[in-house]
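Below is one structure, written out as C-alpha coordinates; comments come after it.
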Amino acid sequence: MAVRIGGQAVMEGVMMKNMDRYAVSVRRPDGEIETKVEECRSIAEDHPVLKLPILRGVVNFIESMVIGISTLNYSAGFFEEEEEEPGKLDKIAEKFLSGKGEKILMALVMIVSFAISIGLFMILPYLASEVLGRWIRNPYVILLVEGLVRIGIFLGYIVIISKMEDIRRVFMYHGAEHKTINCLEAGEDLIPKNVMKHSRLHKRCGTSFIFIVMIISMVFFFFIRVDTIWLRVLLRLLLLPVVAGVSYEFIRLAGNSENWLVQLFSRPGLCLQKLTTKEPDESMIEVAIASVEGVFDWKKYLEEERKGHE
(Lines give C-alpha, C1' and ligand atoms only; values in the text may rest on other atoms or scores of the structure.)
Protein backbone atom coordinates (compact mmCIF):
# COMPACT_ATOMS: atom_id res chain seq x y z
CA MET A 1 0.00 0.00 0.00
CA ALA A 2 1.50 3.31 -1.09
CA VAL A 3 1.62 6.28 1.25
CA ARG A 4 -0.25 9.27 -0.20
CA ILE A 5 0.28 11.83 2.52
CA GLY A 6 0.97 15.42 1.53
CA GLY A 7 1.16 18.68 3.38
CA GLN A 8 2.54 22.16 3.72
CA ALA A 9 4.43 24.31 6.16
CA VAL A 10 2.62 26.94 8.22
CA MET A 11 3.79 29.45 10.82
CA GLU A 12 5.80 27.46 13.38
CA GLY A 13 4.10 24.28 12.24
CA VAL A 14 3.16 21.71 9.63
CA MET A 15 -0.11 20.61 8.06
CA MET A 16 -0.43 17.01 6.87
CA LYS A 17 -3.33 15.70 4.77
CA ASN A 18 -4.33 12.06 4.34
CA MET A 19 -7.44 11.14 2.34
CA ASP A 20 -10.37 13.09 3.81
CA ARG A 21 -8.63 14.43 6.93
CA TYR A 22 -5.89 16.93 7.66
CA ALA A 23 -4.01 17.84 10.82
CA VAL A 24 -2.25 21.08 11.73
CA SER A 25 0.45 20.88 14.38
CA VAL A 26 1.88 24.12 15.73
CA ARG A 27 4.67 24.79 18.24
CA ARG A 28 3.00 27.27 20.58
CA PRO A 29 4.93 30.18 22.13
CA ASP A 30 5.09 28.19 25.41
CA GLY A 31 6.92 25.37 23.60
CA GLU A 32 4.09 22.84 23.58
CA ILE A 33 2.80 21.25 20.36
CA GLU A 34 -0.89 21.69 19.64
CA THR A 35 -2.58 19.59 16.95
CA LYS A 36 -5.96 20.18 15.36
CA VAL A 37 -7.58 17.52 13.14
CA GLU A 38 -10.31 18.40 10.62
CA GLU A 39 -12.40 16.55 8.04
CA CYS A 40 -12.07 17.69 4.42
CA ARG A 41 -14.41 15.79 2.14
CA SER A 42 -13.66 16.58 -1.49
CA ILE A 43 -16.38 17.81 -3.83
CA ALA A 44 -15.21 15.07 -6.20
CA GLU A 45 -16.74 12.47 -3.86
CA ASP A 46 -20.20 13.80 -4.74
CA HIS A 47 -19.38 14.39 -8.42
CA PRO A 48 -17.38 11.42 -9.79
CA VAL A 49 -16.75 13.19 -13.09
CA LEU A 50 -14.36 15.48 -11.21
CA LYS A 51 -12.14 12.46 -10.52
CA LEU A 52 -11.24 12.21 -14.20
CA PRO A 53 -7.67 13.15 -15.23
CA ILE A 54 -7.09 16.90 -15.64
CA LEU A 55 -10.36 17.74 -13.83
CA ARG A 56 -9.10 16.16 -10.61
CA GLY A 57 -6.02 18.37 -10.82
CA VAL A 58 -8.13 21.52 -11.00
CA VAL A 59 -10.25 20.38 -8.03
CA ASN A 60 -7.16 19.43 -6.03
CA PHE A 61 -5.53 22.81 -6.74
CA ILE A 62 -8.57 24.80 -5.55
CA GLU A 63 -9.18 22.65 -2.47
CA SER A 64 -5.49 22.78 -1.54
CA MET A 65 -5.61 26.59 -1.70
CA VAL A 66 -8.64 26.67 0.61
CA ILE A 67 -7.05 24.34 3.15
CA GLY A 68 -3.70 26.11 2.85
CA ILE A 69 -5.07 29.56 3.63
CA SER A 70 -7.24 28.19 6.44
CA THR A 71 -4.31 26.42 8.12
CA LEU A 72 -2.03 29.43 7.72
CA ASN A 73 -4.63 31.63 9.43
CA TYR A 74 -4.99 29.06 12.21
CA SER A 75 -1.25 28.90 12.87
CA ALA A 76 -0.89 32.68 12.76
CA GLY A 77 -3.53 32.97 15.49
CA PHE A 78 -1.07 31.56 18.03
CA PHE A 79 1.31 34.48 17.55
CA GLU A 80 -0.94 37.50 17.40
CA GLU A 81 -0.08 40.16 19.95
CA GLU A 82 -2.63 40.35 22.73
CA GLU A 83 -3.96 43.72 23.74
CA GLU A 84 -5.05 44.49 27.29
CA GLU A 85 -8.29 46.09 26.15
CA PRO A 86 -9.62 45.38 22.65
CA GLY A 87 -10.83 48.46 20.80
CA LYS A 88 -14.19 48.98 19.16
CA LEU A 89 -12.92 47.94 15.73
CA ASP A 90 -11.39 44.81 17.24
CA LYS A 91 -14.72 43.84 18.79
CA ILE A 92 -16.51 44.36 15.48
CA ALA A 93 -13.89 42.29 13.65
CA GLU A 94 -14.11 39.51 16.25
CA LYS A 95 -17.90 39.42 15.91
CA PHE A 96 -17.62 39.36 12.13
CA LEU A 97 -15.10 36.53 12.15
CA SER A 98 -17.08 34.43 14.62
CA GLY A 99 -19.79 33.59 12.08
CA LYS A 100 -20.01 33.36 8.30
CA GLY A 101 -17.73 36.36 8.13
CA GLU A 102 -14.70 34.10 8.51
CA LYS A 103 -15.59 32.19 5.34
CA ILE A 104 -16.25 35.45 3.51
CA LEU A 105 -12.90 36.86 4.61
CA MET A 106 -11.08 33.69 3.56
CA ALA A 107 -12.77 33.85 0.15
CA LEU A 108 -11.69 37.49 -0.23
CA VAL A 109 -8.11 36.60 0.74
CA MET A 110 -8.11 33.80 -1.84
CA ILE A 111 -9.43 36.09 -4.57
CA VAL A 112 -6.91 38.84 -3.81
CA SER A 113 -4.01 36.37 -3.55
CA PHE A 114 -5.01 34.72 -6.81
CA ALA A 115 -5.35 38.09 -8.56
CA ILE A 116 -1.89 39.21 -7.39
CA SER A 117 -0.35 35.90 -8.48
CA ILE A 118 -2.00 36.12 -11.90
CA GLY A 119 -0.85 39.70 -12.37
CA LEU A 120 2.71 39.08 -11.19
CA PHE A 121 3.45 35.69 -12.75
CA MET A 122 1.18 35.62 -15.81
CA ILE A 123 0.21 39.05 -17.10
CA LEU A 124 3.43 40.95 -16.26
CA PRO A 125 5.71 38.48 -18.13
CA TYR A 126 3.34 38.59 -21.11
CA LEU A 127 3.36 42.40 -21.21
CA ALA A 128 7.16 42.38 -20.92
CA SER A 129 7.40 40.03 -23.91
CA GLU A 130 5.03 42.30 -25.86
CA VAL A 131 7.38 45.24 -25.28
CA LEU A 132 10.34 43.18 -26.51
CA GLY A 133 8.21 42.16 -29.48
CA ARG A 134 8.81 45.62 -30.94
CA TRP A 135 12.36 44.49 -31.70
CA ILE A 136 11.90 40.71 -31.89
CA ARG A 137 9.69 39.42 -34.69
CA ASN A 138 10.10 35.68 -34.13
CA PRO A 139 7.02 34.43 -32.16
CA TYR A 140 8.93 31.43 -30.83
CA VAL A 141 11.62 33.65 -29.34
CA ILE A 142 9.00 35.97 -27.83
CA LEU A 143 7.27 32.99 -26.22
CA LEU A 144 10.60 31.78 -24.82
CA VAL A 145 11.35 35.25 -23.45
CA GLU A 146 7.93 35.37 -21.78
CA GLY A 147 8.60 32.02 -20.09
CA LEU A 148 12.07 33.06 -18.96
CA VAL A 149 10.76 36.36 -17.57
CA ARG A 150 8.06 34.45 -15.67
CA ILE A 151 10.61 32.04 -14.18
CA GLY A 152 12.94 34.95 -13.38
CA ILE A 153 10.22 36.85 -11.52
CA PHE A 154 9.31 33.73 -9.53
CA LEU A 155 12.94 32.98 -8.60
CA GLY A 156 13.51 36.60 -7.62
CA TYR A 157 10.37 36.56 -5.48
CA ILE A 158 11.53 33.38 -3.67
CA VAL A 159 15.02 34.74 -3.07
CA ILE A 160 13.69 38.04 -1.66
CA ILE A 161 11.15 36.52 0.74
CA SER A 162 13.66 33.88 1.89
CA LYS A 163 15.67 36.71 3.48
CA MET A 164 12.82 37.35 5.94
CA GLU A 165 13.28 35.56 9.27
CA ASP A 166 9.66 34.38 9.54
CA ILE A 167 9.68 33.01 5.97
CA ARG A 168 13.02 31.31 6.55
CA ARG A 169 11.50 29.45 9.50
CA VAL A 170 8.51 28.46 7.34
CA PHE A 171 10.99 27.07 4.79
CA MET A 172 12.63 25.07 7.61
CA TYR A 173 9.25 23.59 8.53
CA HIS A 174 8.77 22.89 4.81
CA GLY A 175 11.98 20.86 4.97
CA ALA A 176 10.69 19.06 8.07
CA GLU A 177 7.48 18.15 6.21
CA HIS A 178 9.42 16.63 3.29
CA LYS A 179 11.88 14.77 5.49
CA THR A 180 9.06 13.21 7.50
CA ILE A 181 7.17 12.05 4.41
CA ASN A 182 10.37 10.69 2.85
CA CYS A 183 11.10 8.77 6.05
CA LEU A 184 7.61 7.28 6.10
CA GLU A 185 7.79 6.32 2.41
CA ALA A 186 11.15 4.66 3.09
CA GLY A 187 9.45 2.41 5.65
CA GLU A 188 11.33 3.72 8.69
CA ASP A 189 9.99 4.55 12.13
CA LEU A 190 9.00 8.20 12.53
CA ILE A 191 11.47 9.24 15.18
CA PRO A 192 13.56 12.43 14.88
CA LYS A 193 16.83 10.51 14.45
CA ASN A 194 15.49 8.64 11.41
CA VAL A 195 13.70 11.63 9.89
CA MET A 196 16.71 13.97 10.10
CA LYS A 197 18.84 11.82 7.78
CA HIS A 198 16.36 11.98 4.88
CA SER A 199 16.27 14.50 2.03
CA ARG A 200 14.38 17.76 2.41
CA LEU A 201 13.34 17.51 -1.27
CA HIS A 202 10.27 15.66 -2.56
CA LYS A 203 8.98 15.04 -6.09
CA ARG A 204 5.33 15.80 -5.24
CA CYS A 205 6.08 19.19 -3.69
CA GLY A 206 3.96 22.23 -4.54
CA THR A 207 7.13 24.11 -5.54
CA SER A 208 7.75 21.55 -8.27
CA PHE A 209 4.09 21.89 -9.27
CA ILE A 210 4.44 25.65 -9.75
CA PHE A 211 7.57 25.20 -11.86
CA ILE A 212 5.87 22.56 -14.04
CA VAL A 213 2.91 24.95 -14.47
CA MET A 214 5.32 27.55 -15.88
CA ILE A 215 6.87 25.09 -18.33
CA ILE A 216 3.58 23.57 -19.51
CA SER A 217 2.01 27.02 -19.88
CA MET A 218 4.71 27.86 -22.43
CA VAL A 219 3.60 24.88 -24.52
CA PHE A 220 -0.10 25.75 -24.28
CA PHE A 221 0.39 29.46 -24.94
CA PHE A 222 2.33 28.65 -28.09
CA PHE A 223 -0.97 27.70 -29.76
CA ILE A 224 -2.67 31.02 -28.97
CA ARG A 225 -2.76 32.85 -32.28
CA VAL A 226 -4.91 35.98 -32.01
CA ASP A 227 -4.02 39.56 -32.83
CA THR A 228 -5.73 41.43 -29.99
CA ILE A 229 -3.68 41.83 -26.80
CA TRP A 230 -6.65 41.69 -24.39
CA LEU A 231 -7.92 38.52 -26.11
CA ARG A 232 -4.52 36.85 -25.77
CA VAL A 233 -4.49 37.71 -22.07
CA LEU A 234 -8.05 36.39 -21.67
CA LEU A 235 -7.22 33.11 -23.42
CA ARG A 236 -4.18 32.68 -21.16
CA LEU A 237 -6.40 33.07 -18.10
CA LEU A 238 -9.00 30.65 -19.46
CA LEU A 239 -6.31 28.05 -20.13
CA LEU A 240 -4.93 28.23 -16.58
CA PRO A 241 -7.26 25.51 -15.17
CA VAL A 242 -6.21 23.18 -18.00
CA VAL A 243 -2.53 23.97 -17.39
CA ALA A 244 -2.98 23.31 -13.66
CA GLY A 245 -4.76 20.02 -14.41
CA VAL A 246 -2.05 18.77 -16.77
CA SER A 247 0.68 19.87 -14.32
CA TYR A 248 -1.04 17.93 -11.53
CA GLU A 249 -1.04 14.77 -13.67
CA PHE A 250 2.68 15.17 -14.32
CA ILE A 251 3.50 15.65 -10.62
CA ARG A 252 1.33 12.63 -9.82
CA LEU A 253 3.22 10.58 -12.41
CA ALA A 254 6.60 11.84 -11.20
CA GLY A 255 5.81 10.75 -7.66
CA ASN A 256 5.26 7.15 -8.79
CA SER A 257 7.62 6.74 -11.74
CA GLU A 258 11.33 6.05 -12.05
CA ASN A 259 11.31 6.62 -15.81
CA TRP A 260 14.46 8.53 -16.78
CA LEU A 261 12.54 11.05 -18.91
CA VAL A 262 10.08 11.82 -16.11
CA GLN A 263 12.99 12.14 -13.68
CA LEU A 264 14.75 14.51 -16.07
CA PHE A 265 11.76 16.86 -16.23
CA SER A 266 11.35 16.62 -12.45
CA ARG A 267 14.92 17.72 -11.73
CA PRO A 268 14.43 21.51 -12.19
CA GLY A 269 11.56 21.45 -9.68
CA LEU A 270 13.69 19.55 -7.18
CA CYS A 271 16.50 22.08 -7.64
CA LEU A 272 14.02 24.89 -7.00
CA GLN A 273 13.09 23.24 -3.69
CA LYS A 274 16.60 24.00 -2.49
CA LEU A 275 15.38 27.59 -2.25
CA THR A 276 11.96 26.88 -0.69
CA THR A 277 13.17 24.36 1.90
CA LYS A 278 15.82 24.69 4.59
CA GLU A 279 17.32 22.14 6.94
CA PRO A 280 15.05 21.94 10.03
CA ASP A 281 16.07 21.40 13.63
CA GLU A 282 14.86 18.48 15.74
CA SER A 283 12.05 20.48 17.37
CA MET A 284 10.56 21.13 13.92
CA ILE A 285 10.79 17.44 13.05
CA GLU A 286 8.79 16.68 16.20
CA VAL A 287 6.03 19.01 15.01
CA ALA A 288 5.92 17.34 11.58
CA ILE A 289 5.71 13.88 13.18
CA ALA A 290 2.87 15.06 15.44
CA SER A 291 1.00 16.28 12.36
CA VAL A 292 1.38 12.91 10.61
CA GLU A 293 0.17 11.10 13.72
CA GLY A 294 -2.96 13.24 13.67
CA VAL A 295 -4.13 11.65 10.40
CA PHE A 296 -2.16 8.43 9.99
CA ASP A 297 -1.31 5.44 12.19
CA TRP A 298 2.23 5.01 10.92
CA LYS A 299 3.13 2.32 13.47
CA LYS A 300 0.31 0.06 12.27
CA TYR A 301 1.14 0.84 8.64
CA LEU A 302 4.83 -0.05 9.03
CA GLU A 303 3.97 -3.19 10.99
CA GLU A 304 1.69 -4.40 8.17
CA GLU A 305 4.27 -3.48 5.54
CA ARG A 306 7.00 -5.45 7.33
CA LYS A 307 4.74 -8.48 7.77
CA GLY A 308 3.95 -8.38 4.06
CA HIS A 309 7.67 -8.65 3.24
CA GLU A 310 8.35 -11.59 5.54
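The values are calculated or read from the model by the stated rules, or taken from the named source; none is laboratory data. Computed from a prediction, not measured in an experiment: that's the story for all the values here. Cβ: placed from backbone, ideal geometry, glycine included. Neighbour counts: every protein chain shown. Calculation scope for accessible area: heavy atoms of the full protein, side chains included, ligands and nucleic acids excluded. Shrake-Rupley method; radii C 1.70, N 1.55, O 1.52, S 1.80 Å.
Note on the range 158-310: Cα-only Rg and Dmax are 19.0, 65 Å. Applied to the range 283-300, the Karplus parametrisation 6.51 cos²θ - 1.76 cosθ + 1.60 on θ = phi - 60° returns per-residue 3J(HN,Hα) values of 5, 6, 4, 4, 5, 5, 5, 4, 5, 4, 5, x, 10, 8, 8, 5, 5, 5 Hz, with x for Gly and Pro. The residues of the chain present an accessible area of 58 Å² per residue when probed at 1.4 Å with all protein chains retained. Cross-link pairs exceeding 23 Å between alpha carbons, from the set 36/197; 163/197; 36/179; 36/193; 193/278: 36/197; 163/197; 36/193.
Taking 7 Å steps out from each Cα toward its Cβ at residue 132 and residue 228 produces label points 2.7 nm apart. Here is the P(r) of the chain: all C-alpha pair distances, binned every 10 Å from 0, give 5, 23, 32, 24, 12, 4, 0 in whole percents. What's the center-to-center distance, using Cα atoms, between the range 221-290 and the range 192-206 in Å? That distance is 18 Å. Across the accessible surface of the chain, with the other protein chains kept in place and a 1.4 Å probe, carbon and sulfur atoms take up 62 percent. Among 124-137, 262-275, 203-216, sorting by the average number of other beta carbon atoms lying within 10 angstrom of each residue, highest first, gives 203-216, 262-275, 124-137.
The label-point distance for residue 197 and residue 281, in a model that sets each label 7 Å from Cα toward Cβ, rounds to 2.3 nm.
What the phi angles of the range 49-61 give under the Karplus curve with 6.51, -1.76 and 1.60, with θ = phi - 60°, is a coupling list of 4, 6, 8, 5, x, 6, 4, 5, x, 5, 4, 4, 4 Hz, glycine and proline written as x.
Using R0 = 25 Å, the C-beta based FRET efficiency linking residue 76 and residue 159 works out to 0.60. The helix-only estimate of mean residue ellipticity at 222 nm for the chain, built from DSSP H runs of length n ≥ 4 each weighted as -39500 (n - 2.57), is -20500 deg cm²/dmol after division by the residue total.
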